[in-house]
Structures are given as C-alpha cells and as structure tokens.
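Novice: Dumping the structure here so I can ask a few things about it.
None of the figures in this text is laboratory data; all of them are computed from the coordinates on show. Just so it is clear, the structure is predicted and the values come from calculations on it, not from any experiment. Cβ atoms come from the backbone with ideal geometry, glycine included; neighbour counts cover every protein chain shown.
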Amino acid sequence: MNRVLKSTTALGVALTLLSAPAFADMEAARAFLDEEIGDLSALSREEQEEEMQWFVDAAEPYQGMSIRVVSETITTHEYESQVLAPAFEAITGIEVTHDLIGEGDVIERLQTQMQTGENIYDMYITDADLIGTHWRYQQVRNLTDWMAGDGAAVTNPNLNLDDFIGTSFATAPDGNLYMLPLQQFANLYWFRYDWFNDPEIQADFEEEYGYELGVPVNWTAYEDIAEFFTGREIDGETVYGHMDYGRRDPSLGWRFTDAWLSMAGAGDVGVPNGFPVDEWGIRVNDDYQPTGSCMDRGGATNSPAAVYSVETYTDWLDNYAPPSAAGMNFSEAGPVPAQGNIAQQIFWYTAFTADMVQDGLPVVNEDGTPRWRMAPSPHGVYWEEGMKIGYQDVGSALLMDSTPVDRAQAGWLYAQFISSMTVDVKKSHVGLTFIRESTIEHESFTERAPRLGGLVEFYRSPARLQWTDTGLNVPDYPRLAQLWWQNIGNAASGESTAQEAMDALCEQQEEVLARLERAGIQGELGPNLNEERSAEYWLEQPGAPKPELEDERGEPVTVPYDELVATWRAED
C-alpha cells in the first residue's frame with residue numbers, strides 16, 4: 001500500500017504554487033486530486049471534480065478570510081492540519097489555522113468560549129461525548145436547522161449524511177444533529193496473535209489453567225492470561241501480560257468515562273447507553289433529567305460494580321503491567337504494545353492502529369502483516385447481555401453560537417471538505433478512523449484488511465453498534481469529566497481505597513448536578529435530583545445499582561480468535 005502512504009512533498013510544492021487567492025480555483029483542485037487523492041476515493045474522478053467545483057463556487061464570498069480550528073492531536077487530525085488544510089486554502093482561498101493540542105486543552109478552550117461568549121475558535125473538533133452538554137445548554141448551532149437556514153448556501157449537496165456511521169452519537173432526543181463526525185475509533189482488546197497461536201505456549205497455558213488460551217470473553221480469563229504471560233521470557237524479552245496507564249492526568253479520567261464501568265457492568269442494559277443508569281453511574285428520569293449519581297439517589301457511581309471495576313484496574317496495573325505504566329498517560333502508553341513485550345491490552349484504542357502497522361516494528365512481520373489482532377474487550381462479572389460492550393470516540397465538528405455567521409459558514413465548509421466523499425478514503429488510510437460506510441466498503445480496504453489486524457472486519461460488522469460514546473445522561477461534560485481523573489488518581493496512587501474514591505466522585509458529581517439544578521440554566525432538561533433514600537432501597541430495585549456479588553470472579557471463558565471473526569463476517 002505504498003500508494004496510500006506516499007510522500008506528500010510533491011503535493012506541498014504544487015499547493016504552495018497555487019495558494020495565492022488568484023489560484024483559488026479548479027486548477028488547485030486538480031493538482032490536489034492528482035497528487036494526493038488519485039483512486040483512493042469513493043467517487044470517480046469526474047465526481048471528485050464536481051464536488052471540488054462546488055467548494056470553489058461556495059467559498060467565493062469568503063476568499064481571503066482566515067479562520068481558526070482546533071482539535072486533539074491524533075494521526076487523523078495531523079493529516080487534516082498538515083495536508084487537507086493547505087489544500088482547502090489553495091482550492092477555496094480560505095486560510096485555515098488548524099491547531100493541534102491535547103484533548104483536555106480542547107475542552108478547556110470550548111468551556112471558556114461557552115462561559116465568556118468570546119469567539120476563540122471558528123470551529124471545534126471535539127468528541128460527540130458532549131452531546132448531552134450541547135443539547136441542554138443550546139450554545140452550539142443545531143446543524144439540522146443550520147443546514148436549512150444560515151448554512152444552506154454552504155452545505156454540500158453531496159454531503160450524504162446517510163453515509164456517515166456516527167451521526168446517531170451526535171443527535172439529541174429532539175431529533176437534531178448537533179455535531180458532524182470527522183473521525184471515529186473504538187476501544188477494543190489487543191493481543192499478540194502469534195503468541196496465542198504458539199503450540200508450546202498454548203500447551204503451557206492449558207496445563208496451568210485447565211482451559212484453552214484464546215480471546216478472553218470475561219475479566220476472569222483476562223486476568224489468568226495476564227498472570228500467565230507476566231514475567232515470561234519470549235524471544236529474549238521479559239513479557240508483561242497487561243498494559244495500562246496510571247498517571248494523574250485528564251486522560252486517566254477518560255479511561256473510566258470511556259466505558260470502563262460499563263465493561264464491568266455497573267450501569268443498566270440498553271444501547272447506546274444504559275437507561276436509566278449509564279456508564280458514568282448517572283441516573284436520569286424518563287425526560288432525561290439527571291436525578292443522581294450516588295446510590296442513595298439511585299445512581300451507581302459508587303456501587304459495588306463500580307468499586308469492583310476500580311479495584312480490578314489498580315490490581316492489574318500493579319501486578320501485570322510494566323512498572324513504568326503507572327507513571328504514563330494515554331498518549332505515552334498508547335505506543336508501548338508496539339515495542340514487542342506486551343501480550344495483551346484490555347482497553348486499546350484503534351486510533352493507534354496506524355502506529356502499529358509500520359514496517360520494522362517488533363509486532364509486524366517481514367511481509368507487513370501484523371503479529372497482533374484486535375477483538376471485543378472482555379467484560380466484568382456484573383455485565384449483562386444487552387449492555388454496551390465498549391466505547392467509540394466520535395471526534396466531530398461543532399459551530400458555536402458565539403461564532404459570527406460568516407466565520408461559522410467558512411468553518412462549515414472546512415468541516416465538510418475534510419469529511420467529504422472525495423477525500424475520506426485517503427484520509428482513512430492515513431488515520432484509520434472510519435466515518436463513512438462508503439469508505440469502509442471501499443475495495444482498497446478489502447485489499448489492506450490483512451495488514452490491519454481485524455479493524456476492517458470489525459467496522460464492516462454490525463457488532464460495532466455495541467460500542468458507543470458517552471450519552472445523554474451527562475449534562476455538563478467539561479465540569480463532570482475533570483472530577484474523574486482526580487478521584488481515580490487517588491485510587492491508583494493508593495491515597496484512597498476504591499470505595500473512598502468512588503464515594504467522593506459521586507458526591508462531587510451530585511454537587512455539580514445540584515448547582516445546575518439551582519441555577520436553572522438548562523431549563524427543563526437540567527438535573528432534578530431524587531430525594532435521598534438508603535442505598536439498600538435502590539439495591540433492591542431492578543437494574544443498577546446492583547448488589548455486590550459473593551463471587552466477583554466467575555468461570556473464565558475464552559474463544560478462538562478466528563471463530564470470533566467468522567461470526568463477525570456471518571453477521572455482515
């Protein structure tokens with residue numbers, strides 16, 4: 001697939017020559033299509049040119065304008081910033097400064113603009129996790145109305161929203177779309193396929209544990225496998241059976257809000273999110289008003305299942321991960337499995353796939369095929385059939401109400417350009433974060449699938465629908481998310497027990513909910529806290545919070561990977 005990852009030097013030279021406003025036309029577009037896109041598109045060359053002509057025409061009123069866009073730093077957004085933004089400028093005459101910063105910093109900038117009304121960025125790329133926030137505060141442009149109103153003249157007739165796979169995550173109960181997906185990735189289980197299929201290793205595992213080594217279906221099997229591999233010598237390397245991170249950092253909170261409690265089984269049955277109790281442990285009523293987080297108000301943030309999840313996390317981090325993992329954050333820990341001494345990782349973001357398939361890595365064969373695979377993450381003992389299995393990040397474009405109309409229109413053009421059917425196949429080959437069905441089904445990904453460790457098979461399967469983002473129960477993502485990493489950090493460092501950490505977390509979440517309720521700024525959509533009752537009362541009710549199980553281990557279950565993938569294909 002050298003054609004996919006070819007240098008963009010020639011394109012950069014071409015676009016530099018064509019970037020003056022006088023060349024903001026189809027000459028620049030054709031250079032872009034020739035040098036960068038080629039046949040890596042869901043559209044024919046004629047259709048590509050038609051779409052680019054639309055961008056040229058629609059952007060004419062905004063030529064010479066400079067806009068600012070911000071996103072977190074991942075491979076997909078680096079490609080947008082470094083390649084697609086200059087191409088967009090050359091084609092449309094609109095200069096885009098696409099800043100790349102940490103995800104926590106993106107949320108901070110967004111929160112500041114929400115609080116002050118100052119237009120910091122003309123377009124934000126943030127997670128659809130904020131859908132509950134934006135739906136309640138109504139400080140972002142409702143894209144459904146926008147495309148029919150102020151944004152009508154700058155809405156691509158070939159946008160094809162039905163082709164997007166993640167719009168449901170960015171749609172509120174009012175039926176309106178608030179954000180446009182630009183990249184999407186899931187948290188899955190990652191493991192060394194070559195080791196798991198080594199006859200000697202298989203025999204040793206079965207002799208020690210009494211069942212076959214395979215993809216763990218539950219946490220009990222995962223723990224056994226972690227114990228088995230930790231300290232084992234393979235190819236002269238000391239191996240670890242688990243990888244995670246524990247640094248007191250905003251990304252530690254994402255580790256848990258990104259469905260760790262859901263995998264444990266702390267919430268209720270229901271997809272996309274448990275109802276009435278979600279994976280944050282927040283309970284809502286039938287009108288989606290948050291009613292509590294602690295057990296004495298019907299929440300599950302400090303429930304036995306939630307405490308079990310934190311205790312399991314700290315135990316595995318201490319016993320089966322490299323000692324350095326405790327001091328790492330999300331971005332530092334992500335590349336570690338590629339170094340070749342990690343046997344498995346329960347919660348691995350597919351956004352790292354592009355970094356795990358490079359030639360010369362210890363986890364890549366000489367022919368370019370991976371020595372690893374990805375599969376569904378195992379679930380905890382409290383998990384029930386019908387619950388979400390894991391998390392999907394849906395990085396999406398949003399337009400703030402505080403952004404002037406003309407600047408929002410220019411930003412909307414950029415959002416559509418970097419998600420267009422013309423560019424999306426190529427962009428997806430670079431970042432491997434699919435947003436369109438036409439891209440997933442493109443023949444180039446059928447060709448490349450054997451080198452991607454199960455990613456294409458996963459996204460072509462209906463199984464992907466059980467991986468969802470943070471949902472509507474969370475009324476103020478920026479304020480609530482920051483509470484998680486601080487309290488989980490206390491548990492990870494041993495400053496508090498898991499129970500103490502989750503008790504503090506749920507109380508702090510309810511303090512935020514109570515302030516929102518008193519302020520009334522979210523109107524009828526805001527919190528309406530339940531009266532406190534005993535935890536025992538709620539534990540006796542159906543669903544979450546769930547009473548403590550006497551046996552929090554259960555019987556280990558594994559499944560052969562190839563059989564698992566066969567079921568994905570059968571469902572397709």
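Novice: Give or take rounding to whole Å, what are the principal axis extents of the alpha carbon atoms in segment 77-225, in descending order?
Specialist: Extents along the principal axes: 67, 37, 32 Å.
Novice: Kindly state, to the nearest 0.05, the FRET efficiency for Asp174 paired with Gln202, given R0 = 56 Å and r defined as their beta-carbon distance.
Specialist: Numbers: r = 53 Å, r/R0 = 0.95.
Calculated transfer efficiency: 0.60.
Novice: Continuing with the same structure: List the equivalent ellipsoid semi-axes of segment 225-384 in whole Å, largest first, each obtained as the square root of 5λ for an eigenvalue λ of the Cα gyration tensor.
Specialist: Details: eigenvalues 227, 55, 36 Å².
That gives 34, 17, 13 Å for the three semi-axes.
Novice: Provide the descending list of Cα extents for segment 473-518 along its principal axes, expressed in whole angstroms.
Specialist: 34, 16, 14
Novice: How much net charge surrounds Val405 when only other residues with a Cβ under 12 Å from its Cβ are counted (Lys, Arg +1; Asp, Glu -1)?
Specialist: -2
Novice: Sequence gap at least 6, Cα distance under 8 Å: using those rules, report the relative contact order of segment 86-242 to the nearest whole percent. If you can, show how the numbers build up before the last one.
Specialist: Working: 102 pairs, mean separation 18.8, N = 157.
Over segment 86-242, the number comes to 12 percent.
Novice: Pulled fully out, how much extra length does the chain show between Asp145 and Ile521, if you take 0.36 nm times their separation in residues and subtract their Cα-Cα distance?
Specialist: Contour length minus Cα-Cα distance gives 133.1 nm.
Novice: Another question, then. Taking only C-alpha pairs under 8 Å that are 6+ residues apart, what is the relative contact order of the chain in percent? Each step should come with its number before you reach the end.
Specialist: Working: 1185 pairs, mean separation 135.9, N = 572.
Dividing the mean separation by the residue count of the chain yields 24 percent.
Novice: I'm a student and want to see the number: the projected area of the Cα convex hull of segment 290-437, averaged over all directions, in nm².
Specialist: For segment 290-437, the mean projected area of the Cα convex hull comes to 14.0 nm².
Novice: If you take the charge dipole of the chain about its Cα centre, with +1 on Lys and Arg Cβ and -1 on Asp and Glu Cβ, which of Phe275, Ala338, Ala152 is farthest toward its positive end?
Specialist: Ala152
Novice: Just to be sure I understand the model, the point goes 7 Å from the Cα along the line to the Cβ. What's the resulting Gln138 to Thr369 distance in nm?
Specialist: Distance between the two pseudo-spin positions: 5.7 nm.
Novice: Please arrange Ser438, Ser396 by counting, for each residue, the other beta carbons lying within 10 Å of its beta carbon, fewest first. Numbers along the way, then the final one.
Specialist: Details: Ser438 15, Ser396 31.
Ranked by crowding around the Cβ, least crowded first: Ser438, Ser396.
Novice: Test of understanding: ordering Met52, Met26, Met179 by Cβ neighbours within 10 Å, fewest first, what list do you get?
Specialist: Values: Met52 25, Met26 16, Met179 28.
Going from least to most buried by this count: Met26, Met52, Met179.
Novice: Label 7 Å along Cα→Cβ of Asp105; segment 62-97 residues with amide nitrogen under 14 Å?
Specialist: Under cut-off, by backbone N: 69-74, 78.
Novice: Hey, another quick one. Below 13 angstrom from the Cβ of Pro478, what's the summed charge of the other residues (Lys, Arg +1; Asp, Glu -1)?
Specialist: So the surrounding residues net to -3.
Novice: Something else now. Rg and Dmax in Å for segment 381-515, alpha carbons only: what are they?
Specialist: In order Rg, Dmax, the Cα atoms of segment 381-515 give 20.3, 54 Å.
Novice: 7 Å from Cα along Cα→Cβ at both Leu465 and Gln486: what's the point-to-point distance in nm?
Specialist: 4.0 nm
Novice: What nm distance separates the two modelled labels at Thr497 and Glu27, each placed 7 Å from Cα along Cα→Cβ?
Specialist: 7.4 nm
Novice: If you don't mind, another one. Over all alpha-carbon pairs in the chain, figure out the percentage whose distance exceeds 41 Å.
Specialist: On the way: 38601 of 163306 pairs.
The calculated P(r) of the chain puts 24 percent of pairs beyond 41 Å.
Novice: By how many nm would the segment from Asn158 to Val271 grow when fully extended, if each residue of separation counts as 0.36 nm and the alpha-carbon distance is taken off?
Specialist: So the extension gain works out to 37.7 nm.
Novice: Net charge around Arg451, counting only other residues with Cβ within less than 13 Å of its Cβ (Lys, Arg = +1; Asp, Glu = -1)? Write out the running numbers ahead of the final one.
Specialist: Details: positive: Arg371, Arg373, Arg448; negative: Asp359, Glu366, Asp367, Glu447, Glu457.
Around Arg451, the surrounding residues sum to -2.
Novice: Hey, another quick one. Averaging the inverse of every distinct alpha carbon separation and then flipping it gives the Kirkwood radius. What is it for segment 189-278, in angstrom units? Write out the running numbers ahead of the final one.
Specialist: Numbers: mean 1/r = 0.0649 Å⁻¹.
Mean inverse Cα-Cα distance, inverted, gives 15.4 Å.
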